[in-house]
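> A single structure is presented below for examination.
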Amino acid sequence: MQSIYWVLTWACHRKCKHCYDDRFRPYVREALQEVVGEGQTSYEKILANLPDDMTWADPKTGKRNPSTLILAGGELLIDGVREELFYPALDAIRARWGDKAPKISIQTTGDILTPELLDECLARGVDGFGIASIDDYHVGMTGEKKFRFMTRIRELMASRDVLEVNIGGGKSKKLNMPEDQAPKPDQPTFLFFGAQEDLWIGELWPRGRAWSNGLTNAGYDTNFCARWSGGKNFLHLGQAGSEVAIEPDGSVYPCCLKTKAPLGKLTEEWLEDILESVAELPAIQAINQGDPEAMGGDRAAFRADSSDVDGAGRTVENMCIGCDHFFEHTLGPQLRRLREERLKAKQAA
């Protein structure tokens, strides 16, 4: 894959009102141990079922580049997660692939990042840092506060020769995003992003607390499936644009937003086997083309089933809602049937 977005744990130090999943929140004592334990139980099995060849082909040059493992939470740097799960997972990644390991990027809010934690991440092979809190929804980041925070992070990164890169599409002059620049060989990088219009998903996914709080502004013409981290090209193993998302228990999805049912579980099967199996379904091919409206073959019927009432009492129409309904009624049972057939065949073999 070009990249794999892997949520290692639901544990976070924040409970943001715009978050796309209610499970991202603070946990304490036994509850924290339980939610971290889910990732501890699964991560080695997940790694064993990822491709041996973690590279992808540049369509312009044909050159093969290292895949990127994007490790995320929650928040991986908090106490109770960092030493117990995050650092062991980093060590296991190096053990799995050795000198052919993929690039490793982590996603963090950045507000708890210290020089000591940055040094520990770099020493364990982290190549990239995504600072994911640059929007007005994160507490402490409203208005001018986010710009002061960005200055602090830039100073910290510069002290360790970590180069700032641009996520692309940033329009805000005030954010002072850098021009495109190539890092030196083996130089780590960082970038800023967040849920605002000039950085990434300003419309907000129709999910989780964003949905229950009535914050999503995504209309039917907002096709998240065709964007990066959507489902487009997820089946194209080893090619540009290919990405899947993994939950702590190994459930794998075609997009970061996540469909209403997983494609399979990476604690049980190879990723290649799962993708090859589900690719036979026309609806999965529609997702792979970034065209969810084609999932059922009847575009008018799909749109008619693509609205729902959010937590604020608003009727919202979006393709992701139509995709959810299609999974609930049709595709989810088909995926479960395929999974059962694969596991039976594996057991028989």
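The values are calculated or read from the model by the stated rules, or taken from the named source; none is laboratory data. A quick note: this is a predicted structure, and the numbers were derived from the prediction, not measured. Note that each Cβ is placed from the backbone with ideal geometry, even for glycine, and that neighbours are counted across all protein chains shown. In case anyone asks, the SASA skips ligands and DNA or RNA and just uses the protein heavy atoms, side chains included. Shrake-Rupley method; radii C 1.70, N 1.55, O 1.52, S 1.80 Å.
> Can you tell me which of D21, D58, D52 is under 16 Å from the mean Cα position of the chain (by Cα) and among the charged types (D, E, K, R)?
D21
> On to the next question. Test I78 against the stated conditions and say whether it is of a type in the set (A, V, I, L, M, F, W, C), out of contact with any Cys (no Cβ under 7 Å at 6 or more places or on another chain) and at pLDDT 95 or above.
Spelling it out, I78 is indeed of a type in the set (A, V, I, L, M, F, W, C), out of contact with any Cys (no Cβ under 7 Å at 6 or more places or on another chain) and at pLDDT 95 or above.
> Next question. Name the residue, out of T216, T259, that is touching a helix residue (DSSP H, G or I) at 6+ places or on another chain (Cβ under 8 Å), of a type in the set (S, T, Y) and closer than 19 Å to W10 by Cα.
T259
> For residues that are among the polar types (S, T, N, Q), within 22 Å of W205 (Cβ to Cβ) and in contact (Cβ under 8 Å) with a residue 60 or more places away in the chain, tally how many sit in segment 265-306.
Selection size over segment 265-306: 1.
> Can you tell me which residues in segment 138-161 are part of a loop (DSSP other than H, G, I, E, B), open to solvent by less than 60 Å² (accessible area, probe 1.4 Å) and in contact with a helix residue (DSSP H, G or I) (Cβ under 9 Å, 6 or more places away or on another chain)?
Those that are part of a loop (DSSP other than H, G, I, E, B), open to solvent by less than 60 Å² (accessible area, probe 1.4 Å) and in contact with a helix residue (DSSP H, G or I) (Cβ under 9 Å, 6 or more places away or on another chain): H138, G140, M141.
> What residue, among those in segment 214-261 that are polar (S, T, N, Q) and surrounded by 17 or more Cβ atoms within 10 Å (Cβ to Cβ), is farthest from S67 (Cα to Cα)?
T216
> Whether any residue in segment 162-183 is open to solvent by 70 Å² or more (accessible area, probe 1.4 Å), of a type in the set (G, A, S) and not in a helix (DSSP H, G or I) is what I want to check.
Yes, some residue in segment 162-183 is open to solvent by 70 Å² or more (accessible area, probe 1.4 Å), of a type in the set (G, A, S) and not in a helix (DSSP H, G or I).
> Is there a residue in segment 261-278 that is modelled with pLDDT under 95, over 14 Å from the mean Cα position of the chain (by Cα) and hydroxyl-bearing (S, T, Y)?
No: zero hits.
> Test of understanding: among L113, L71, L76, L90, which residue is farther than 23 Å from A48 by Cβ, of a type outside the set (S, T, N, Q), under 21 Å from the mean Cα position of the chain (by Cα) and surrounded by 18 or more Cβ atoms within 10 Å (Cβ to Cβ)?
Exactly one of L113, L71, L76, L90 is farther than 23 Å from A48 by Cβ, of a type outside the set (S, T, N, Q), under 21 Å from the mean Cα position of the chain (by Cα) and surrounded by 18 or more Cβ atoms within 10 Å (Cβ to Cβ), namely L113.
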